[in-house]
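Remarks on the structure that follows.
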Amino acid sequence: MANNNDELTNHVGHSYGRYVLVWMGLLTLTAITVAVAGVNLGDVTIAMAIIIASIKSYLVITEFMHLNTESRTFKVFIGVALFFIIITLVLLFSDYSKMQGLIK
């Protein structure tokens with residue numbers, strides 16, 4: 001039991017104030033997403049939603065999932081995964097926009 005307590009005390013502490021600030025940021029970004037969805041901005045609406053969702057996921061991953069305290073190897077794996085997700089989205093939207101041009 002004493003060994004478990006030593007491991008807990010060596011863990012990096014996180015303050016509640018930081019969590020509250022991140023939570024407030026997430027609430028603000030959610031309100032912005034809802035506001036942007038209600039306004040017709042054309043093709044920019046989807047881009048804004050993706051950008052805001054990316055910022056929100058970054059906040060959740062770094063603060064609530066503690067990615068900022070993980071090892072460099074794990075961060076590289078996350079970076080590679082994000083790279084391939086971005087490539088997939090770029091290819092998807094470029095194909096979609098090409099198909100929209102053919103239909104009109």
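The number of residues in the range 1-39 that are β-branched (Val, Ile, Thr), closer than 17 Å to residue 67 by Cβ and modelled with pLDDT of 90 or more comes to 1.
Summed over the range 61-77, the residues that are surrounded by 13 or more Cβ atoms within 10 Å (Cβ to Cβ) and in a helix (DSSP H, G or I) give a count of 5.
The values are calculated or read from the model by the stated rules, or taken from the named source; none is laboratory data. These figures come from a predicted structure and were not determined experimentally. All Cβ positions, glycine included, derive from the backbone under ideal geometry; neighbour counts span all protein chains shown.
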